[in-house]
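The structure appears right after this line, and notes come after that.
Coordinate-derived values only; no laboratory data. Note that the structure is a prediction, hence the values are computed from the model and not measured. Here the Cβ positions follow ideal geometry from the backbone for every residue, glycine too, while neighbour counts run over all protein chains shown.
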Amino acid sequence: MERREFEMSEADLKDLLDASKPVPYMVFGGVPPRSSRENAHDAWRHLGERMGFEWETVKPSRADQRFFTAIPKALKGGEK
């Protein structure tokens, strides 16, 4: 399947950048917090679901951080 260029909104970019920030590490009850990497992956996963692309295939596209390429999700029944 071919890659396609996508453009996220400023709000989407802010959410991704916020999710990627370091997480303060204070353990309460013996359970460590989720890592910033896990949070960033979740943010990309949710954006991919909303915008219709496979989140694991994202690559930067331009100097502007809001643009990226990814492989679109296949529609049900094998349609494009």
In percent, what relative contact order does the chain have, based on Cα pairs under 8 Å that are 6 or more apart in sequence? 38
What ³J(HN,Hα) values, in whole Hz, does the Karplus curve 6.51 cos²θ - 1.76 cosθ + 1.60 give for segment 46-62 when θ = phi - 60°, with x put for Gly and Pro? 5, 5, x, 5, 6, 9, x, 9, 7, 4, 6, 9, 5, 9, x, 10, 9
Tabulate in residue order the Karplus-calculated ³J(HN,Hα) for segment 26-42, using 6.51 cos²θ - 1.76 cosθ + 1.60 with θ = phi - 60°, rounded to whole Hz; enter x for Gly and Pro. 10, 8, 10, x, x, 10, x, x, 5, 6, 5, 5, 4, 5, 5, 4, 4
Could you give P(r) for segment 4-78, binned at 5 Å from zero, as whole percent values over all Cα-Cα pairs? 3, 15, 21, 22, 14, 9, 8, 5, 2, 0
In deg cm²/dmol, rounded to the nearest 500, the helical mean residue ellipticity at 222 nm of the chain, built from -39500 (n - 2.57) for every DSSP H run of length 4 or more, is -10500 deg cm²/dmol
With r defined as the distance between the Cβ atoms of residue 27 and residue 51 and R0 fixed at 35 Å, what FRET efficiency is calculated, to the nearest 0.05? 0.50
DSSP loop trypsin sites (Lys or Arg not before Pro) in segment 6-73 with at most 15 other Cβ atoms within 10 Å of their Cβ, which ones? 34, 62, 66, 73
Restricting to DSSP loop positions (anything but H, G, I, E, B) with no more than 16 other Cβ atoms inside 10 Å of their own Cβ, which chymotrypsin sites (Phe, Trp or Tyr not before Pro) remain in segment 1-45? 25
Output for the chain: GluC sites (Glu not before Pro) sitting in coil per DSSP, at most 16 other Cβ within 10 Å, listed by number, reads 2, 54, 79
